[in-house]
1. Under the condition of being within 12 Å of DNA strand B (Cβ to nearest atom), closer than 23 Å to A:D100 by Cα and of a type in the set (D, E, K, R), which residue from the range A:15-41 is least open to solvent (accessible area, probe 1.4 Å)?
2. Quick one: is A:G47 part of a helix (DSSP H, G or I) and either closer than 19 Å to A:V92 by Cβ or open to solvent by less than 50 Å² (accessible area, probe 1.4 Å) (or both)?
3. Counting only residues that are of a type in the set (D, E, K, R), modelled with pLDDT of 90 or more and over 20 Å from A:L101 (Cβ atoms), how many does the range A:43-63 have?
4. When you go through (1) open to solvent by 70 Å² or more (accessible area, probe 1.4 Å); (2) at pLDDT 90 or above; (3) not hydroxyl-bearing (S, T, Y) one by one for A:G91, which number turns out not to apply?
5. Considering the range A:42-90 alone, what residues qualify as being among the β-branched types (V, I, T), over 11 Å from the mean Cα position of the chain (by Cα) and near DNA strand B (Cβ under 10 Å from one of its atoms)?
6. Within 12 Å of DNA strand C (Cβ to nearest atom) and in contact (Cβ under 8 Å) with a residue 40 or more places away in the chain: which single residue out of A:G69, A:G47 fits that description?
7. Can you tell me which of A:A53, A:A67 is open to solvent by less than 30 Å² (accessible area, probe 1.4 Å) and under 21 Å from A:A11 (Cα atoms)?
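The values are calculated or read from the model by the stated rules, or taken from the named source; none is laboratory data. Just so it is clear, the structure is predicted and the values come from calculations on it, not from any experiment. Note that we place each Cβ from the backbone using ideal geometry, even for glycine, and neighbour counts take in every protein chain shown. Quick note on the areas: whole protein, heavy atoms, side chains included, nothing else; ligands and nucleic acids left out. Shrake-Rupley method; radii C 1.70, N 1.55, O 1.52, S 1.80 Å.
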Amino acid sequence: MKSVRPEPPPAHHAIRAAIAAIPQGRVANYGEIARRAGLPGRARLVGTVLREAPSALGLPWYRVLRADGRIAFPPGSKAFREQVRHLAGEGVLVRGGRVDLAVHGWERDVDHLLWGPPAQTGKRKSARAES
DNA sequence: GCCCTGACGTGAA
DNA sequence: ATTCACGCCAGGG
């Protein structure tokens, strides 16, 4: 017998879990979440789930950005500003609606361990001792 | 069931 | 840095 109230597909659950797993102060892109959820290539599905997911679920939706580190909402929109606000509250700086994934990206850590710290290609304007 | 849209990603021009 | 085309596929009309 069919359940009178069809539960959401497992994929949705996996995606929510992946989003919930983003550490505070870090951000991840849609594709990355999809991968973590075992759904490579389904970045769009992540967006769909987030759209359906009420913020009441307690999901850190604001930690999810596009692949280029850009916020997925139209600049200036309500949601946009709120996302920026939330991120700023966690110490994630947003410049021009954009977050530096090389600094706050979740997966950044892994790259670091595999490839080592990014060599300064000489773009840096002023080298300064970081914390 | 077809068609269009979309909190996306990637590669090419 | 921008723009375009495509791939992907769940939802809603």
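1. Ranking the candidates gives A:E32 first.
2. Details: part of a helix (DSSP H, G or I): yes; either closer than 19 Å to A:V92 by Cβ or open to solvent by less than 50 Å² (accessible area, probe 1.4 Å) (or both): yes.
Answer is yes for this residue.
3. 1
4. Only one criterion is unmet by A:G91, namely (1).
5. Listed by number, the residues that qualify are A:T48, A:V49.
6. Every option except A:G69 fails the conditions.
7. A:A53
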